[in-house]
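**Q** Pasting a structure here, questions to come.
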Amino acid sequence: MQKPHLSVAQILQMNLGFLGLQFSFGLQQANMSPIWGYLGAEESNFAWLGIAGPLTGLIVQPIIGSMSDRTSSRWGRRTPYFLIGAVM
């Protein structure tokens, strides 16, 4: 199967979308410090709190991916994990 050929305009549009995602993620991370302070976290722990999400994803995602590859259900391989994650 041959890969689709993307025009320069399509590539730029895709990159603009990813730029928006990264910008919104950066805004969210920048505004977490006041929330953590309000919740009682000490300022010296803000760096650990900021890295906790990505670090957890780095560890948990491969484990869940491996488990879901061996899962078979009537909803497919990934859907049960999405549902359990949404409930959690």
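The numbers here are math on the coordinates, done by the rules we state, and not lab data. Just so you know, these numbers come straight off a predicted model, no measurement behind them.
**Q** Calculate, in nm to one decimal, what GLN2 and LEU83 gain on full extension: separation in residues at 0.36 nm each, minus their alpha carbon distance.
**A** Contour length minus the Cα-Cα distance gives 25.7 nm.
**Q** Follow-up question, since we're still on this one. Based only on Cα atoms, what mean projected area does the convex hull of segment 8-87 have, in nm²?
**A** The directionally averaged projection comes out at 8.2 nm².
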